[in-house]
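Below you'll find the structure, written out as structure tokens, and then a few comments.
The values are calculated or read from the model by the stated rules, or taken from the named source; none is laboratory data. Model, not experiment: these values are computed from the prediction. Here Cβ is always computed from backbone atoms with ideal geometry, including for glycine, and neighbour counts include all displayed protein chains. These area figures cover heavy atoms from the full protein model, side chains too; ligands, DNA and RNA do not enter into them. Shrake-Rupley method; radii C 1.70, N 1.55, O 1.52, S 1.80 Å.
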Amino acid sequence: MTTQTLSLKSRISAIITALVLLLTALWTARPTFASADGWNEEEFFIDPDHVCTASCYRNIYYLTDNSSAEYYVETFLRGWVNKYAQQHIVFNEFRYYDLAAMDGTSWRLGTVEPRFGYPPLELQFYPIQNALVIYEINDMMPFQFSDIMSYRPTSELYDYFMTLKNNNCRIMFICNTDEMHFNDRDENNRFLDLVDVHVNTDIYSFFTETVLASFTSGVISNSTIILDRSMSAYAISGDSIYCTYTENEYKRVYDKYGEVDCEKYGSRYGFLDGMLIPHIRKTLDLPISGAYPTNINLLQCENIKVLCYLGEQIFYDLTKNTMYYWALEPDRFMEKCENDFYYFIGSTRYGDDSYDLRRILIELEDEFDLQDKINKYMFVDHSTCCTMEDERNMHIAGMDNQAMVSFIAPIVAYFLFDDIYTVDWYAIRNWGGRCDITIKPTSDESWLLPLSDQDDTIGESDRRDYYFEG
């Protein structure tokens, strides 16, 4: 297991024309849906006559659990570091670490070997100091914090960031959990007071709130909900031969955090039991202490059919605990899933995994005259998602890797070079937050609803009514 280090020799020779051109293109190619109003659009220059002083940082560190980290490093970050090394004679080294390796967990989209760095061991002997630190958390932060339990990772972040500050470091914190979901009990979000720049890349909470608002504002009963693998994660166990529904597994993991794999706890995809069914119960005012003590009772009695796609044209009917193979039994499939209202919810978390499912939905519409009757929602997470030919009523939100790079790269450049380039951070910030400089992908033209009051989420005051207490 090795650490990627920029040597003195490589600092001098690393900049190549192609990379400079690429980074220049990234600087000017921010997509309109991820812009920060008021940014300075003039070309980015670095002063070749810069003279380092005691205020210049000697090191650059990137600590992340992002599965796209290496893509970020190779696409723009290493290039900016090379430029920094050329302009700062005091520069010592650049290192980047896999935070997921701290708990022995694998990357979200697969295992990358060898992993870069091992923070607990290396940082114990070589603490970060006199550095520009980019600290990024994606999977290891939960989508929503508990209102009652103190959340250990944020208190750890406070202690760790305080250490960095005491070691003369400047911190950029990148996170895809919206700050609204950092509850204030015991000042859980006070770590943001120590952050110099907070880049919040969350779009998922806007997406889920919009989907749930669309669903719960209409007639919930007599609905068929089709979920891809990512949106049924943690509720469905087994394989394509035999599956079973494990009720509220995500909530159990949430409640028992500290004894289980934090990657599972931190997953933003405990959608079925963690968000969808509790919102159904809350909207219908049907607590678990009432007539429907289990989720299966609720779904069956309200005629809500949940179909989970397992891949290879196989569906698991959660409500009836039955498997369907689309290729051999489309008529039976339609007979079982027919209803008054239809919804499809998916994401690109598993890359092109949803392609076959989306093709089946098109066939389903054509064969059974369901054109424009299936409301479809797709969240883009890393992989690109474009509407397919003949695909109708598809609503897509989120950012793929290329769009995220276009959004983040110029902010990182400002962060690294604001000792040379005059940066008006107050013109760049576009979001209210505890950190004075908070930046977020925004759009006035988005179909997503603005994130509403936290009372709309399923908080601890609702847990006894709308969650199974196991």
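Condition check: modelled with pLDDT of 70 or more, in contact with a Ser or Thr (Cβ under 9 Å, 6 or more places away or on another chain), among the hydrophobic types (A, V, I, L, M, F, W, C) and in a helix (DSSP H, G or I). Does residue 307 satisfy that? Criteria not met by residue 307.
Per this entry, residue 455 is counted among residues that are among the acidic types (Asp, Glu), open to solvent by 50 Å² or more (accessible area, probe 1.4 Å), assigned to a helix (DSSP H, G or I) and at pLDDT below 80. Every test in (1) at pLDDT below 75; (2) surrounded by fewer than 20 Cβ atoms within 10 Å (Cβ to Cβ); (3) closer than 27 Å to residue 281 by Cβ is passed by residue 353 save one, and that test is (3).
Taking every residue in region 165-180 that is within 13 Å of residue 195 (Cα to Cα) and aromatic (Phe, Trp, Tyr) and pairing it with any residue that is open to solvent by 10 Å² or more (accessible area, probe 1.4 Å) and in a strand (DSSP E or B), at least 6 positions away or on another chain, the pairs with Cβ-Cβ distances below 9 Å are 173/135; 173/137. Scanning region 373-389 for residues that are open to solvent by 60 Å² or more (accessible area, probe 1.4 Å) and either of a type in the set (A, V, I, L, M) or in contact with an Asp or Glu (Cβ under 8 Å, 6 or more places away or on another chain) (or both) gives 373, 384.
Counting only strands (runs of 3 or more DSSP E) that sit completely within region 214-292, those holding 3 or more residues that are at pLDDT 80 or above and surrounded by 18 or more Cβ atoms within 10 Å (Cβ to Cβ) correspond to 223-227. Only a single item in (1) modelled with pLDDT under 90; (2) of a type in the set (A, V, I, L, M, F, W, C); (3) within 27 Å of the chain's Cα centre (by Cα) is not met by residue 328, and it is number (3).
Only one of the numbered conditions (1) surrounded by 14 or more Cβ atoms within 10 Å (Cβ to Cβ); (2) modelled with pLDDT under 85; (3) farther than 30 Å from residue 380 by Cβ is not met by residue 298, and that is (2).
Among residues of region 276-298 that are within 14 Å of residue 219 (Cα to Cα), those with a Cβ under 9 angstrom from a residue that is of a type in the set (Phe, Trp, Tyr) and in a helix (DSSP H, G or I), sequence gap 6+ or separate chain, pair up as 279/215; 279/466; 280/215; 280/466; 281/466; 282/466; 283/215. Being open to solvent by 10 Å² or more (accessible area, probe 1.4 Å), modelled with pLDDT under 90 and of a type in the set (S, T, N, Q) is a property that residue 313 has. Among the conditions (1) at pLDDT 85 or above; (2) in a helix (DSSP H, G or I); (3) open to solvent by less than 70 Å² (accessible area, probe 1.4 Å), the only one that residue 91 does not satisfy is (2).
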